[in-house]
1. What distance in nm separates the two pseudo spin-label positions at D67 and F129, each 7 Å out from Cα along the beta-carbon direction?
2. Tell me the mean residue ellipticity at 222 nm calculated for the chain from its helices only (DSSP H runs of n ≥ 4, each -39500 (n - 2.57), averaged over every residue, nearest 500).
3. Taking only Cα atoms, what is the 0 to 90° angle, nearest 10, from helix 113-132's long axis to the longest principal axis of the chain?
4. Which percent of the accessible heavy-atom area of the range 84-132 goes to carbon and sulfur, probe 1.4 angstrom?
5. Obtain the nm distance between the two label points defined at K155 and L52 by a simple spin-label model: each point lies 7 Å from its Cα along the Cα-to-C-beta direction.
6. On a 0 to 90° scale, report how tilted helix 86-106 is relative to the longest principal axis of the chain, with both axes built from alpha carbons and the result rounded to the nearest 10.
7. Put +1 on the Cβ of each Lys and Arg and -1 on the Cβ of each Asp and Glu in the range 80-191; which of P157, M138, A114 then has its Cα farthest toward the positive end of the dipole?
8. Compute the distribution of all C-alpha to C-alpha distances in the range 84-132, in bins of 10 Å from 0, and list the percent of pairs in each, rounded to whole numbers.
Amino acid sequence: MSKDVKDTEAQEELKDKVNAGDVKEEKETKEKHAKAKKEDKDQKIEELGQKLSEINDKYLRLSAEFDNYRKRTLKERMELTKNAGEQILEKILPVMDNFERALKSMETAEDVPALREGVELIYANFRDFLSQQGVKEMECLHTDFDPELQEAVTKIPAPAEELKGKVVDCIQKGYTLHDKVIRFPKVVVGE
């Protein structure tokens, strides 16, 4: 064989080796790219999973916050409805006091029993109206003095030992509207 044929065969053999190396390298490169793409996909899936859990958490918090808001506004609306007439009823209370004073002063008047009966009827109707609206009189006479519920006007020496620290006299009655004090009773406390 001639030298040229041998060189050509050697060159072809070398080309085959280079091509084989290139194919192998290409294959490895493709595998690396496929692996990198898979890792990218896995990473993106993991990021999307985290975003989904964050969005789900935000949704749950927002839903709970809205539910709390709804309950709070419902409660406030109920209280507003319940105490809507508080200012009006509060202004009617002095009229109630005047009725009571008139009844007391008529106890001594003997010549007008019909007048007394009429005023008592009006007083009873008015008292019923207030009770229908949820207004109740606070009982405080001979009870322990409570500064949270009563307003002390003065202190006097207790007429009896068991009345020390207790309400001896009620100067002005107190009233509640649905268990909320709308006017504190003015009392005299024994010491």
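1. 4.6
2. Numbers: 3 runs with 121 residues, N = 191.
Mean residue ellipticity, 222 nm, calculated: -23500 deg cm²/dmol.
3. Tilt of helix 113-132: around 10 degrees.
4. Values: 2000 of 3510 Å².
Within the range 84-132, the accessible surface is 57 percent carbon and sulfur.
5. Reported label-point gap for K155 and L52 is 7.3 nm.
6. Roughly 10 degrees, rounded to the nearest 10.
7. M138
8. That works out to 25, 47, 21, 7, 0, in percent per bin.
The values are calculated or read from the model by the stated rules, or taken from the named source; none is laboratory data. Since the model is a prediction, treat every value here as computed from it, not as a measurement. With ideal geometry, Cβ positions are generated from the backbone for all residues, glycine too; neighbour counts draw on all protein chains shown. Heavy atoms of the whole protein, side chains included, go into the accessibility calculation; ligands, DNA and RNA do not. Shrake-Rupley method; radii C 1.70, N 1.55, O 1.52, S 1.80 Å.
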